[in-house]
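Trainee: Mind looking over this structure? Questions follow.
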Amino acid sequence: MGRLSKLGFIDTRRTGGPPRRRIRSRGVPTALIGHEIFCTDDPDEARELVGQFLGPSHLEINTAEGPFQATMNGIRLRDVTLAYLDFHTATKLTIGCTGDHYSVHMPMSGRARCMYDEKPLEALSYLALVVNPGINLEMAMEFDSPQLIVRIEVQALERQLARMLGRTVTKPVVFDPAMDLTTDPAVRWHGALQLLSSEVMTPNSLVQQGIGAGPIEELVISSLLWVQPSNVHEDLMAGNSQRRGTTVRRAIAYMEENLSWAIGLPDIAKALDVSVRSVQKAFHDDLGTTPMNYLRDRRLERVRAELADAVPSDGVTVTEVAERWGFGHLGNFSAIYRKRFGESPSETLRR
């Protein structure tokens, strides 16, 4: 199994039958050619598979415009998925409640007339639709209007936002649904997607070797947070992350350099030539957490990154990865890992 074929939220085993004849050739992005997730002319199967990706759904198909066929190509890094969805005919997709993820829908041609929580919107090649979790969504897609979709898991976006703000995220992020792709700030978003595509296409790229997926995901997520208005956009623009105290900045730098070593609070204080109490107070005041909780969370993220990037041929085990990042007691490690990421370490490794 390739590193970029582990979707996790779609059971691709049922799509492994004989290839179906394509109705016609479509403009699948170069980066996604060879990464087909499904191709079906069965509306019920298409509804189920699309529902696994976007949320429980219903399809209405305009068969007067030609035969129905649904195809999806996609790749997943860790918590960011790039997909290309095409129904090959006019189709109305109704999602009663979108899943625990954010998604950005960019029609490659044509348009989609949408009802976003009962608010009418359009998605076009220059106007994307940003969908928040738990939204009631209807998308009436014209004939010949395939979509490039970026899916971002909620926890990943919140973790990245916390790093950018320099404090704990205390409320769900809610984006404005309309995303103008023609603005100058949108260049950041386009650039992030182009870098992702380039890494996927290059056979010997770091991502293909299981290295560097994290920074690219962070770029995609941070670009969306910077570019798209939201209920946290003002906080980001205010530059809160730049107002961390010197003690916190130096402590974080020291932690990042020594994540795999057995360091404790006294080591951090000694490296900074300050008291233990000063470090504790600085983290409490600036980040609303303790130094050791911050260190533990960063180590957990490194563990998750290695487990998510691994494929069976690597021979990676949960035990060796956990121990490499300082977690000696596997029972306690598994409990805090599940609490942090909502799944066990072995589930991360298998998906």
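The values are calculated or read from the model by the stated rules, or taken from the named source; none is laboratory data. Keep in mind that this is a model prediction, so the values were computed, not measured. Here the Cβ positions follow ideal geometry from the backbone for every residue, glycine too, while neighbour counts run over all protein chains shown. Note: accessible area is taken over every heavy atom of the protein model, side chains too, but ligands, DNA and RNA are not part of it. Shrake-Rupley method; radii C 1.70, N 1.55, O 1.52, S 1.80 Å.
Trainee: Output the residues belonging to region 108-136 that are in a strand (DSSP E or B), under 18 Å from residue 192 (Cα atoms) and either open to solvent by 10 Å² or more (accessible area, probe 1.4 Å) or not β-branched (Val, Ile, Thr) (or both).
Mentor: 127, 128, 129
Trainee: What are the residues in region 144-187 that are outside any strand (DSSP E or B) and in contact with a Phe, Trp or Tyr (Cβ under 9 Å, 6 or more places away or on another chain), if any?
Mentor: Result: 145, 146, 154, 155, 157, 164, 173, 177, 181, 182, 185.
Trainee: Still on this structure: Quick check: anything in region 265-281 open to solvent by less than 60 Å² (accessible area, probe 1.4 Å) and closer than 21 Å to residue 339 by Cα?
Mentor: Scanning region 265-281, I find no residue that is open to solvent by less than 60 Å² (accessible area, probe 1.4 Å) and closer than 21 Å to residue 339 by Cα, so the answer is no.
Trainee: Residues to consider are 94, 98; find the one that is β-branched (Val, Ile, Thr), closer than 24 Å to residue 158 by Cα and either at pLDDT below 90 or surrounded by fewer than 23 Cβ atoms within 10 Å (Cβ to Cβ) (or both).
Mentor: Answer to the selection: 98.
Trainee: Here's something else I'd like to know. Return the residue satisfying two criteria in turn: it lies in region 53-85 and is part of a helix (DSSP H, G or I) and at pLDDT below 90, and of such residues it is surrounded by the most Cβ atoms within 10 Å (Cβ to Cβ).
Mentor: Of everything passing the filter in region 53-85, 65 is surrounded by the most Cβ atoms within 10 Å (Cβ to Cβ).
Trainee: Can you name every one of the helices (runs of 4 or more DSSP H) wholly within region 261-351 that holds 3 or more residues which are under 24 Å from residue 75 (Cα atoms)?
Mentor: 291-309, 345-350
Trainee: Can you confirm whether residue 193 is within 16 Å of the chain's Cα centre (by Cα) and either under 30 Å from residue 345 (Cα atoms) or open to solvent by less than 10 Å² (accessible area, probe 1.4 Å) (or both)?
Mentor: Against the criterion (within 16 Å of the chain's Cα centre (by Cα) and either under 30 Å from residue 345 (Cα atoms) or open to solvent by less than 10 Å² (accessible area, probe 1.4 Å) (or both)), residue 193 qualifies.
Trainee: Of all residues in region 318-333, count the ones that are in contact (Cβ under 8 Å) with a residue 12 or more places away in the chain and open to solvent by 50 Å² or more (accessible area, probe 1.4 Å).
Mentor: 3
Trainee: Does region 160-183 include one or more residues that are buried (at least 21 other Cβ atoms within 10 Å of the Cβ) and small (Gly, Ala, Ser)?
Mentor: No; the residues of region 160-183 include none that is buried (at least 21 other Cβ atoms within 10 Å of the Cβ) and small (Gly, Ala, Ser).
Trainee: Another question about this same structure. Take the residues of region 196-240 that are among the β-branched types (Val, Ile, Thr) and at pLDDT below 80: which is most open to solvent (accessible area, probe 1.4 Å)?
Mentor: Looking at residues that are among the β-branched types (Val, Ile, Thr) and at pLDDT below 80, I get 211.
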